[in-house]
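Heads up, the thing below is written out as structure tokens.
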Amino acid sequence: MDLLGNLIIALGRLARFGIDVLQLLIIIQAILSWVGASLPLNTFTRLLYAITETIYRPIRAVIPTCFGAIDFTPWVALAGLYLIDSVVVSAIIRMGYQLAR
């Protein structure tokens, strides 16, 4: 059980790292959207927008866009990722520690 527990812990930590990277990309994209008119569209910016739009698309289908120029989609995405991290990933890591005993 020790090996299985360590594997589950490693997968949980990998998921946590992926969520942290996504949160960082969302924050960078939000900042770039404020100053985006002066920035050229290079490969990084295109990749960044492709990744974040994949996350934003289902949220924008649910949240109305009647708030004018304010886009709450990054905030909802960050809150959702935080919720997934604190509930699901933490439970997976705890389960791994229980199995590793």
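Scanning the range 37-68 for residues that are modelled with pLDDT under 85 and surrounded by 13 or more Cβ atoms within 10 Å (Cβ to Cβ) gives 45, 63. Within the range 1-30, being part of a helix (DSSP H, G or I), in contact with a Leu (Cβ under 7 Å, 6 or more places away or on another chain) and touching a residue at least 24 places away in the same chain (Cβ under 8 Å) holds for 4, 5, 8, 19, 22, 23, 25, 26, 29.
The values are calculated or read from the model by the stated rules, or taken from the named source; none is laboratory data. None of the values given here were measured: they were computed from a predicted structure. Backbone-built Cβ (ideal geometry, glycine too); neighbour counts: all protein chains shown.
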